Amino acid sequence: MTYRIDRSYDWNYDNGPVFDGPFPDLPATPQKDFLGLKVNSRLGIAAGLLLNSRWIEVYGRLGFDILTYKTVRNRYRKCYGLPNWVTIEQDDQIDPGRLDEAQRARTGPPPDLRAVTSSVSFGMPSKAPEEWMPDVARARAALRPGQVLIVSVVASPEPGGDVSQMIGEFGELAAMAREAGAQVVEGNLSCPNVCTAEGDIFLDAALSGKIAEAMHKGADGLPVLLKLGHFADSATIAQVLRAVDGKASGVVMVNGISRRVVDGDGLPVFGEGRELSGILGHGIHGFSLDNVKTAVDIVSSDKLSLDIIAVGGVSGVEDAAHYFDAGAAAVMMGSAPMFDPALAVTLKQARPDW
C-alpha cells in the first residue's frame, strides 16, 4: 500500500507515497476533453489520497491523468489521531437504506485487495496556505502533457458562525488555488469523516448555489467542481444541480457515506467523539452508481450545463465501465489506487477510449 495506515497522516505527508517502482510504460491513448482541457484519459484520483506534490508526481507517472490535490483550507487544521484508516467486514454492497447499522472493522488483512471497503477518519486536515500554495505550484510543474491538476478546497465554518462569511471563504480559497497553479478548483461540500459543519453542506441546495457562485467568481475563468455526498432521493439531487447550474462546471459524486464503525467489543473503532466515519471503496459502488445515473438523467432532462464526474468503488474495468456507460464525463478513484498503483495502466490497456 502506498499509504501506510499504521503511520500518522504527517508521516505519510513527509515520507509517502511508499512506492519503489519501477514505473510502468504507459499505454498510448488518444486525447480527450475534460472541462475544456485536453487529457490523455478521463481517469483520475479524487481528493484524499494525493497529499502533496510528491504524491501528485508519482501518481501522474503511474498514468492517472486527472489529479486532485488533497482538500486544503485557509488555515492549518490538525489531523485526527490514529487510527485514521481501517478496512471493514463488508464483502457485498452496502444498503444505503440501513445506514443506522454499525459496520465492524476487520482484525486481519482483507481477503481481496481488489474489493476492499474501508472506513476513514482524518477530519480533513490541512497545511497552512504558506505551505500548500507553493507546493501546489510544484505539483503543477510535475504534471506531464495531457494531465490536469484539480485543487480541492473547503471553508472552515465555526458553530453558529456567519453563513455569508463561509460562502466568502470558499470564494477566497478558489482564488488562492487559482493563484497557486490549479487548472480546476473543487469545492468539497461533503466530507463524510468530519465531526464539524462542513461535512453536509451539499444537502442545502440554496447554500450550494451561493458557494458555487462565489467560487466561480474567485476562480476567475477556471472550471469549478463541487464534490457531493450521497443523496437519499432524486428530488434533492435535482434541486442541488439546478441551484449550481451556470456557476459550477460540474459535480463530483459520490463522496462516501457516514456510518458507525465498531471494533470487536462493539466500541467506536476510532474512539469516543468519532463514532461516525466515512465509508469508501467497493461497498459503496452500487448506490454511488445509482446517484450518478440519476444526476446524468436530470442534467439531460433539464438541459443543464453540468458534467457529472463519478467516484465510488472503482477497482477494475467493470466498475469504471458502469460509470462511463451511465454517462459520466470522467471517473475518479479514491482508495483503490492506494492498494493497486497499476490500476490506471490496467484501465487504459482495456479501454484506451476512456
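The values are calculated or read from the model by the stated rules, or taken from the named source; none is laboratory data. Since the structure is predicted, the reported quantities are computational estimates derived from the model, not experimental observations. So basically every Cβ, Gly included, is an ideal-geometry build from the backbone, and we count neighbours across all protein chains shown.
Brief remarks follow.
- Residue list for segment 317-351, filter: touching a strand residue (DSSP E or B) at 6+ places or on another chain (Cβ under 6 Å) and aliphatic (A, V, I, L, M): ALA320, ALA328, ALA329, ALA330, VAL331, MET332, MET333, ALA344, LEU347
- Residues (out of contact with any helix residue (DSSP H, G or I) (no Cβ under 9 Å at 6 or more places or on another chain), within 23 Å of LEU306 (Cα to Cα) and of a type in the set (Val, Ile, Thr)) located in segment 231-286: VAL252
- Residues being exposed (fewer than 14 other Cβ atoms within 10 Å of the Cβ) and under 15 Å from GLY60 (Cα atoms) - total across segment 24-37: 2
- Where a residue in segment 179-190 is free of Cβ contacts under 8 Å to residues at least 24 places away in the same chain and under 14 Å from LYS247 (Cβ atoms) and its partner, wherever it lies, is among the aliphatic types (A, V, I, L, M) and crowded, with 24+ Cβ neighbours inside 10 Å, with Cβ under 6 Å and at least six apart: none
- Members of segment 230-258 found to be of a type in the set (Gly, Ala, Ser), within 19 Å of ASP290 (Cβ to Cβ), in contact with a Leu (Cβ under 8 Å, 6 or more places away or on another chain) and modelled with pLDDT of 95 or more, listed by number: GLY250
- Every residue from segment 182-201 that is at pLDDT 60 or above and more than 14 Å from the chain's Cα centre (by Cα): ALA182, GLN183, ASP200, ILE201
- Given (1) outside any loop (DSSP other than H, G, I, E, B); (2) hydrophobic (A, V, I, L, M, F, W, C); (3) touching a strand residue (DSSP E or B) at 6+ places or on another chain (Cβ under 7 Å), index of the condition VAL314 fails: (1)
- Selection from segment 308-327 of residues that are under 21 Å from GLY246 (Cα atoms), in contact (Cβ under 8 Å) with a residue 40 or more places away in the chain and either in contact with a helix residue (DSSP H, G or I) (Cβ under 8 Å, 6 or more places away or on another chain) or surrounded by fewer than 21 Cβ atoms within 10 Å (Cβ to Cβ) (or both): ILE308, ALA310
- Restricting segment 242-269 to residues that are more than 22 Å from THR87 (Cα to Cα) and over 18 Å from the mean Cα position of the chain (by Cα), the residue that is surrounded by the fewest Cβ atoms within 10 Å (Cβ to Cβ): GLY246
- Residue check, PRO341 in a helix (DSSP H, G or I) and either crowded, with 18+ Cβ neighbours inside 10 Å or modelled with pLDDT of 95 or more (or both): no
- Count - residues of segment 142-160 that are out of contact with any Asp or Glu (no Cβ under 9 Å at 6 or more places or on another chain) and at pLDDT 95 or above: 2
- Residue tally, condition surrounded by fewer than 23 Cβ atoms within 10 Å (Cβ to Cβ) and either hydrophobic (A, V, I, L, M, F, W, C) or free of Cβ contacts under 8 Å to residues at least 12 places away in the same chain (or both), over segment 38-60: 3
- Residue match in segment 61-80 (condition: of a type outside the set (Val, Ile, Thr), modelled with pLDDT of 95 or more, surrounded by fewer than 22 Cβ atoms within 10 Å (Cβ to Cβ) and in a helix (DSSP H, G or I)): yes
- Across segment 142-162, the number of residues qualifying as exposed (fewer than 13 other Cβ atoms within 10 Å of the Cβ) and either farther than 26 Å from ARG61 by Cα or more than 22 Å from the chain's Cα centre (by Cα) (or both) comes to 5.
- Inspection of segment 270-277 identifies no residue that is at positive phi and either surrounded by 22 or more Cβ atoms within 10 Å (Cβ to Cβ) or without any contact (Cβ under 8 Å) to a residue 40 or more places away in the chain (or both).
- The set of residues in segment 257-296 that are of a type outside the set (A, V, I, L, M) and part of a loop (DSSP other than H, G, I, E, B) comprises ASP263, GLY264, ASP265, GLY266, PHE270, GLY271, GLU272, GLY273, ARG274, GLU275.
- Meets criteria (in contact with a strand residue (DSSP E or B) (Cβ under 9 Å, 6 or more places away or on another chain), at positive phi and not charged (D, E, K, R)) for GLY63: yes
- Residue check for GLY312: at pLDDT 95 or above, under 23 Å from PHE202 (Cβ atoms) and either over 15 Å from the mean Cα position of the chain (by Cα) or of a type outside the set (S, T, N, Q) (or both): yes
- Flag for ASN15 being surrounded by 13 or more Cβ atoms within 10 Å (Cβ to Cβ) and either at pLDDT 95 or above or aromatic (Phe, Trp, Tyr) (or both): no
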